[in-house]
Amino acid sequence: MFTAYVAFGHFFITTIYNSDLALFQRLMPSKGTTSLQIYMAGLDQAVLSLAVYFVLSGLVLLLALNPLGFALSCLSFFAASLAIFFLLDRVPELIKPLRLDVIPYFTYRLSYLSDPVLGYRSRPFLRTKFANYRGAAYSPVFGIDVPPQSGTWQTDDEGFRNPAPMSSAEVAVIGSSMAEWGNNVEDTYPSRLEKELGGQTVVNLGKAGYGPLQYLEILKRYALEKRPQYVILTFYPAFDIDQLANWIEGRPDKSVAKFTVGSGQLFHRYSIAFQQTSKMLIDSGWTALELGLQQIIGAESIHPALAVISLPNGARKKILFVNEHAAKSTEQLLASPEWEAMARFLVDFKDLCEQHEITPVVVYIPSASEVYAQYSTLDSGANWLAVRKSEIETRDNNEKAARILARKVGVQMISLLPSFRDAAHEGKLVYYQLDAHWNGAGREIAAKVTARALELLESDSAGRTEKPNTKELIKNHRHEPTIQEARLHNVNDHPKQPTAAEG
């Protein structure tokens, strides 16, 4: 059966799809709204699943003929894997030499500590190297030859990516991984900003997975003591608003669950490491099967999740929009519970800054879809084509909502969207193709735009937005806790209980 599908499967699917016969119409009732690509991918997956099912069924049948041997094998495997895990838990220095740091559990075990308020934080004075990194969403099934990246990762005494401990700084940058990421310390957005400012020191207080639920604590615990003139809050709605949505709907904090897998009881941690290892092996095996089937059949269709963008300079690129922007109107965004919570957070953030004579500044970070959706072509993958129109039509709305919010609260906002779009118009990519983060070109543009804006603020203080009446802004929410109070409540509700491993 598998051989027959390899030989004739795609030919028959194409024939049925293109036929107007009533029988074939009943076989594909949704073909008017479903692309041929979707049918082929779905049947490929079904045939592979069936083939794997038959193989596994045969193995189970063979093992069933010797149940005692099967039980002893399982017991031996469990005992051996638990012994290895216990050894690595007691001697973590063995993890890297054995290359087990490719498993997320062991990476997080080496890199993060639990924290009663933040959920987690990086270990201080961490020094490590990484190589062959192609993006968080990389898979060979996408068919994109992404150059591997390598670099160094180091943290200061507080666990942030700074070259050395900093007791003071003129500018503090608070945010998620968009602020933290870079191939080395000098490659990060805050370090590039410091270079652009030429003389002012900039401290990087960004941390992967942090969002509004952690930002106020970072401001209180780390930023204020450095007495900065400016605190820059990087606002990335594609992540920050989603994190607030999890909190509002009472779902566990995914970031805390992800980065605190190295804490907790031994058997709980063992189960997480076992699940992650099993998933990696299964995913690798499945990927190998998919690639093998593609090579046998000779399929060259684009992956359904990818977008093909054609830039004005003639360059064509495949890209995965990892974090698509919310395809809603500006009014819908601002009226949502998540954006209302963001407004209350910004009020708290602004008040705390001004109490310490610090100027708060919001830097708006667009998602890649806000910059490149308009350049996507109709030969993109079927999954992207299903949302392409709505993503193009709403590509300005999140930034508009952020501008309205900043103006209402009374904080300065620097938007990177216009400059990123200018770069796209010149044929440049400012994001990685298989990762949500901006690339080196994006970080460089972000640093230049931010530096120029700060210089204008410095030279034209009279043009700053007047302070609104904070009590008026929050009067409709006077019975609701602040974001920081809610964060403390949320941590107490879910103490040190990560969900199933998320690598």
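For region 201-263, build the convex hull from the C-alpha positions and give me its volume per residue in Å³.
Hull volume normalised by residue count: 105 Å³.
In whole Hz and in residue order, list the ³J(HN,Hα) couplings for region 203-220 that follow from phi through the Karplus curve 6.51 cos²θ - 1.76 cosθ + 1.60, θ = phi - 60°; x for Gly and Pro.
9, 8, 10, x, 8, 4, x, 6, x, x, 5, 10, 4, 5, 5, 5, 4, 5
What is the set of long-range amide H partners of residue 210 at a cut-off below 5 Å, with H atoms built 1.01 Å from backbone N?
Under 5 Å from the amide H of residue 210 lie the amide H atoms of 177, each far enough along the sequence or on another chain.
Please compute the Kirkwood hydrodynamic radius of region 99-493 from all pairs of different C-alpha atoms, in Å with one decimal.
22.2
What residues qualify as long-range amide H neighbours of residue 439, i.e. H under 5 Å apart, gap of 5 or more or another chain, H built at 1.01 Å from N?
Correct list: 431, 432.
Please report Rg (one decimal) and Dmax (integer) in Å for the Cα set of region 424-463.
Both quantities, over Cα of region 424-463: 13.8, 43 Å.
Using alpha carbons only, how many angstrom separate the centre of region 389-460 from the centre of region 262-287?
If we compute the Cα centre of each part, the gap is 38 Å.
What ranking do 361, 146 get, fewest neighbouring Cβ atoms within 10 angstrom at the top?
Ascending Cβ contact count within 10 Å gives the list 146, 361.
From the gyration tensor of the Cα coordinates in region 121-223, what semi-axes in whole Å does the equivalent ellipsoid have, largest first, with each one equal to sqrt(5λ)?
Calculated on Cα positions only, the semi-axes equal 26, 16, 13 Å.
Determine the gain in length on full extension of the stretch residue 73-residue 131; use 0.36 nm per residue of separation and subtract their C-alpha separation, reporting nm with one decimal.
Stretched fully, the residue 73-residue 131 segment lengthens by 17.3 nm.
Taking 30 Å as R0, compute the FRET efficiency from the Cβ-Cβ separation of residue 220 and residue 268 and round it to 0.05.
0.45
Quick check on packing: order 80-93, 269-282 by the mean number of other C-beta atoms within 10 Å, highest mean leading.
269-282, 80-93
If you place +1 on the Cβ of every Lys and Arg and -1 on the Cβ of every Asp and Glu, how big does the dipole about the Cα centre of region 75-115 come out, in debye to the nearest 20?
Here the size comes out at about 120 debye.
Any of 258/448; 129/220; 428/448; 129/448 with alpha carbons more than 22 Å apart? Name them for me.
258/448; 129/220; 129/448
Any chance you could list the semi-axes, whole Å, largest first, of the equivalent ellipsoid that the Cα gyration tensor gives for region 367-427, using √(5λ)?
27, 14, 6
Read the figures in this text as sums done on the coordinates, not as results from a lab. Everything numeric here is computed off the predicted structure, so don't read it as measured data. Glycine gets a Cβ as well: all are built from the backbone with ideal geometry, and neighbour counts include every protein chain shown.
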